[in-house]
Amino acid sequence: MTSTELQHGRRSIEEAIKPPTAAERLARYRIMLQDALGELYKSKTALAGALMLLSLLTVLLLTPVIAKHDPVKQNYSSIRKDASAEHIFGTDRYGRDIYSRVLWGGRRLVVIAILAVVFGLAIGIPYGVLSGYYGGWTDSIAMRAVDGLLAFPGILLYLLIVTLAREWHLEGVWNDLILVFALGFAFFPEAARLVRSSVLIEKQKEYVEASHTIGEANLYIAMRQILPNCLSPLIVNATVRLGYVILIIAALSFLGLGTPPPTPDWGADLSAAREHMESNPMIAVYPGLAICYTVLAFNLFGDGLRDIIDPRMVER
Amino acid sequence: MLIYAINRILQMIPVLLVLTVVVFSFIQLLPGDVIDTLVGDEEAEDPVIRAALMKEYGLDQPVYIQYGIWLGKALQGDLGKSLITRRPISVELFESIPATVYLGVVGIGLSIIIAVPLGSIAAVKRNSATDYTAQVISLIGISIPEFWFAIMCVLLFSLHLGILPSSGYVSPFEDLGQSLLYLTLPALAVGFRQAAYTTRLTRSSMLDEMNKEYVDTARSLGFSESKVIYKYTLRNALIPTITISGLQLANLLGGTVVLETIFSWPGIGQAIYLAIIDHDYPLIQAGILVLGIIVVVTNLLVDLLYRVLNPRVALN
C-alpha cells in the first residue's frame, strides 16, 4: 500500500465525519422528499387527500389576494344578492360577500384547529414518551390519569369552557385561545397513550441498549433517539384529529357559543343562514360545503397515511 | 366476571370524581359572587336571606367543604333550582331524559340497520366497485357536519317537498304516528353519521374475521359460502362492532346538543343549550353532570356486555 493511498483513505474518513455542507444537506432532503412522494403515489387515498389539502392551503394562503371584498364590512345597497361576477357566491343579509367570508372564515378555522392539535401534541408527546420510557409506578399513575381523562366526554368539557369564556366576555384573540386550549387539552390523553405504546416497543431495541452503554443521558435517549421512531402513528392520528377539531369548532359556533359576530365563521354563518333558508337556501350551502371539503381532505389524507404506514391495511 | 365487574365499577369512581370536580369548579370560575350565580341576584338581595343562603351552601367555609356540601346534596338528587323557571332542576332534567333516549335509541338502531349490511357486503366483495362506493360514502358521511346534514334535510323534506315537519316533538304515547313523523328527520340526522362510522367498523372487523382459520375450516367442511359468512363470520364480527358503536354514545350525546336544538327536540341536550343561552348556571352545571354520568355509566355497561358476549377476552 503506497503512502498516497493511505493518505487518500485517511482523507475520506475525515470527509465522512465532517458535517454535511449545505449542498449535501439539500440533496439529502431532496431524496427524502422523493421517497415521500413515491410513497404517496402508492396510496390513491393519500394522494387525493394531499391534493385536496394542498389546494385548500393554497387558497387560504392567497385569501388576502383573491378575496376582494371585506368579509366584515356591511353594504346595505347589495343585500342578499344572488351569485354574480362581482359576488361569486352572492351576498348575505348585511350585504357582505359570502365568498370572502367563506375564505376568511376558513383561514381562521384551520389556524385554530392546527394550533389546538399542536398544543395537544406538545403536552401529550413528552407525557407519553417519559411515562413509557421510565415505566414503573410513574407510568401506572400517569396512565390512570390518562384513562380518567379519556373517559370524560370531551364535548361536555368544551361546552363548559366555552360557556365560561362567554360569561367572562372574552373576545377576539382570547376567545380563540380558549378554544385552542380546550380542544388541545382534550386531545392530549389520546396522543400520550398512543406515543407511549410505541415507546414501550421501541425501548426494547438494541440501539437503545447501545446508547445506554455509551452513557447517553436518559432524557436524550428518550426524546432524541426513541421519539423520532414513534412518530408515524401519531402523525396519522393528528391528521384525523384535525378534521374532528374543525367539526367541533364549527358545531360550537353554530350553536352561537364559538365566535361572536361579525367575525366570519363557517358554523356561525350557517346558523345565521337558517333564518333565510326559504328565500335564499344557497347561503346555507356554501359554508357547509366548505366544512365538508376541509374535513374530508384531512380524513382522506389521514386514512391514506395509515395505509402507507401500516401496509397490512392496504392488502384489504 | 364478577371480580372484573367490581374492578370496572371501582375504576369508574375516579372518573366520576373528576367529573364532579370539573362541574363544581365551573360555578366557582364564573364571574361574580357564587351566591348570585346559584340563586339569582333578586333572591339574594335581602342581606338577611343572603346570609342564610350563604350558610346553607357553606360559602363561609373553605372550598373543599363547599364541594362536600354540594356533592352531598347532588347525591340526594338535590341539584338546586333553575334560575328561570324556579323549579327543582332534578325534575326539569328528569323530564327531558326520555326524549333524548328515544332519539338516541332510534338513531342508533337506524344506523345499525343501514351500516351492518353495507359494511359486510363491502367486506365480502372487497376491492369491488360496491366496496369502493361503500367506502367513499362512509368517508363522506363522517366528514359531513351533522348540523349541516340536518339543515339540508329540513331544506329538502320540509321546505321543498313539504312531507315532514321541520321541528317539534310529539310523545309516542300520545300519538305514535305523529310522533314517528316528527322523529324521522332528527333520527335520520343522528343515524346518518353513526351509520358512516359503523359501516367502516363492520367492514374492518368482517375482514379481520374472514382471515381467521375457522373460516377456512368451515369452507373445507363444505358449508355454503353464505352460511359461512352470515352464520359464523358476521356474528363474530358484530361483537366488536356493537361494542364500539356503544362506546360512540358519548359522541352521539354530544351531537344531540346540536341536533336537539335544531329540531326543538325537548331532550337534555336542548335543555343544556337553552340554559347556556339563558345564563341559567345551576341548570348548566346539573345538565352537564347528568349527561356525563349517563355517558360514563353507558360505557361501563357496554364494556361489561362485551365481556359477556365474548368471554375469550382476557379479564385483567
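The values are calculated or read from the model by the stated rules, or taken from the named source; none is laboratory data. In this text the structure is predicted, and so the values were computed from the model without any measurement. Methodologically, a virtual Cβ is constructed for each residue, glycine included, from the backbone with ideal geometry; neighbour enumeration extends over all protein chains shown.
What are the residues in the stretch A:240-269 that are β-branched (Val, Ile, Thr) and within 13 Å of chain B (Cβ to nearest Cβ), if any? Residues satisfying the conditions are A:VAL240, A:VAL245, A:ILE246, A:ILE248, A:ILE249. Checked against (1) more than 8 Å from chain B (Cβ to nearest Cβ); (2) more than 20 Å from A:PRO71 (Cα to Cα); (3) of a type outside the set (D, E, K, R), A:VAL295 meets all criteria but (1). Within the stretch A:280-299, residues that are free of Cβ contacts under 8 Å to residues at least 60 places away in the same chain have Cβ atoms under 9 Å from residues that are among the charged types (D, E, K, R) and surrounded by fewer than 22 Cβ atoms within 10 Å (Cβ to Cβ) in these pairs: A:ALA284/A:ARG274, counting only partners at least 6 apart in sequence or on another chain.
For the stretch B:213-248, taking the residues that are surrounded by 19 or more Cβ atoms within 10 Å (Cβ to Cβ) and within 14 Å of chain A (Cβ to nearest Cβ), the one that is nearest to the chain's Cα centre (by Cα) is identified as B:GLN248. Counting only helices (runs of 4 or more DSSP H) wholly contained in the stretch B:1-103, no element carries 3 or more residues that are of a type in the set (Gly, Ala, Ser) and in contact with a Cys (Cβ under 6 Å, 6 or more places away or on another chain).
B:ASP208 meets all of the listed conditions (1) among the acidic types (Asp, Glu); (2) surrounded by fewer than 17 Cβ atoms within 10 Å (Cβ to Cβ); (3) within 26 Å of the chain's Cα centre (by Cα) but one, namely (3). Among the residues of the stretch B:256-266, write down those that are away from chain A (no Cβ under 11 Å) and either in contact with an Asp or Glu (Cβ under 7 Å, 6 or more places away or on another chain) or farther than 16 Å from A:SER271 by Cα (or both). Within the stretch B:256-266, B:TRP265, B:PRO266 qualify. For the stretch B:94-114, how many residues meet the condition of being touching a Leu at 6+ places or on another chain (Cβ under 8 Å) and crowded, with 20+ Cβ neighbours inside 10 Å? Number satisfying all stated conditions: 5.
A:VAL129 passes every criterion in (1) more than 14 Å from every other protein chain (Cβ to nearest Cβ); (2) within 18 Å of A:VAL245 (Cα to Cα) apart from (2).
Here the helices (runs of 4 or more DSSP H) wholly within the stretch B:148-252 that include at least 2 residues being closer than 30 Å to A:THR294 by Cα are B:176-210, B:234-247. Does the stretch B:1-35 hold any residues that are β-branched (Val, Ile, Thr), within 12 Å of chain A (Cβ to nearest Cβ) and more than 22 Å from A:ALA145 (Cα to Cα), and which are they? Passing the criteria: only B:ILE27. If you check A:LEU40, A:LEU54 for being modelled with pLDDT under 80, of a type outside the set (Lys, Arg), surrounded by 11 or more Cβ atoms within 10 Å (Cβ to Cβ) and in a helix (DSSP H, G or I), only one passes: A:LEU40. Going by what's in this entry, would B:GLY269 be described as at negative phi, part of a helix (DSSP H, G or I), among the small types (Gly, Ala, Ser) and within 12 Å of another protein chain (Cβ to nearest Cβ)? Spelling it out, B:GLY269 is indeed at negative phi, part of a helix (DSSP H, G or I), among the small types (Gly, Ala, Ser) and within 12 Å of another protein chain (Cβ to nearest Cβ).
Answer yes if at least one residue in the stretch B:181-201 is farther than 17 Å from B:ILE114 by Cβ, touching a residue at least 60 places away in the same chain (Cβ under 8 Å) and surrounded by fewer than 20 Cβ atoms within 10 Å (Cβ to Cβ), and no otherwise. Within the stretch B:181-201 (the criterion being farther than 17 Å from B:ILE114 by Cβ, touching a residue at least 60 places away in the same chain (Cβ under 8 Å) and surrounded by fewer than 20 Cβ atoms within 10 Å (Cβ to Cβ)), the answer is no, since none of the residues qualifies. Look at the stretch B:154-165: where a residue is buried (at least 17 other Cβ atoms within 10 Å of the Cβ) and a partner is β-branched (Val, Ile, Thr), sitting 6+ places away or on another chain with Cβ atoms under 6 Å, you get B:PHE157/B:ILE163.
Residues in the stretch A:146-177 that are in contact with a helix residue (DSSP H, G or I) (Cβ under 8 Å, 6 or more places away or on another chain), within 11 Å of chain B (Cβ to nearest Cβ) and either under 27 Å from A:LEU194 (Cα atoms) or part of a helix (DSSP H, G or I) (or both): 20 in all. Would the stretch A:184-202 turn up any residue that is under 21 Å from A:LEU115 (Cα atoms), touching a Lys or Arg at 6+ places or on another chain (Cβ under 8 Å), among the aromatic types (Phe, Trp, Tyr) and part of a helix (DSSP H, G or I)? Yes. For the stretch A:199-208, the count of residues that are of a type in the set (Asp, Glu), farther than 25 Å from B:PHE149 by Cβ and out of contact with any helix residue (DSSP H, G or I) (no Cβ under 8 Å at 6 or more places or on another chain) is at least one.
Being crowded, with 20+ Cβ neighbours inside 10 Å, within 26 Å of the chain's Cα centre (by Cα) and under 26 Å from A:ASP139 (Cβ atoms), is that true of even one residue in the stretch A:175-183? No - not one qualifying residue is present in the stretch A:175-183.
Taking the conditions (1) of a type outside the set (S, T, N, Q); (2) away from chain A (no Cβ under 14 Å); (3) crowded, with 20+ Cβ neighbours inside 10 Å in turn, B:PRO172 satisfies each one other than (3).
The residues of the stretch A:233-290 that are surrounded by fewer than 24 Cβ atoms within 10 Å (Cβ to Cβ) and part of a loop (DSSP other than H, G, I, E, B), listed by number, are A:LEU255, A:GLY256, A:LEU257, A:PRO260, A:PRO261, A:PRO262, A:THR263, A:MET277, A:GLU278, A:SER279, A:ASN280, A:PRO281.
Each residue in the stretch B:278-290 was checked for being facing chain A (nearest Cβ under 9 Å) and at pLDDT below 85, and 2 pass.
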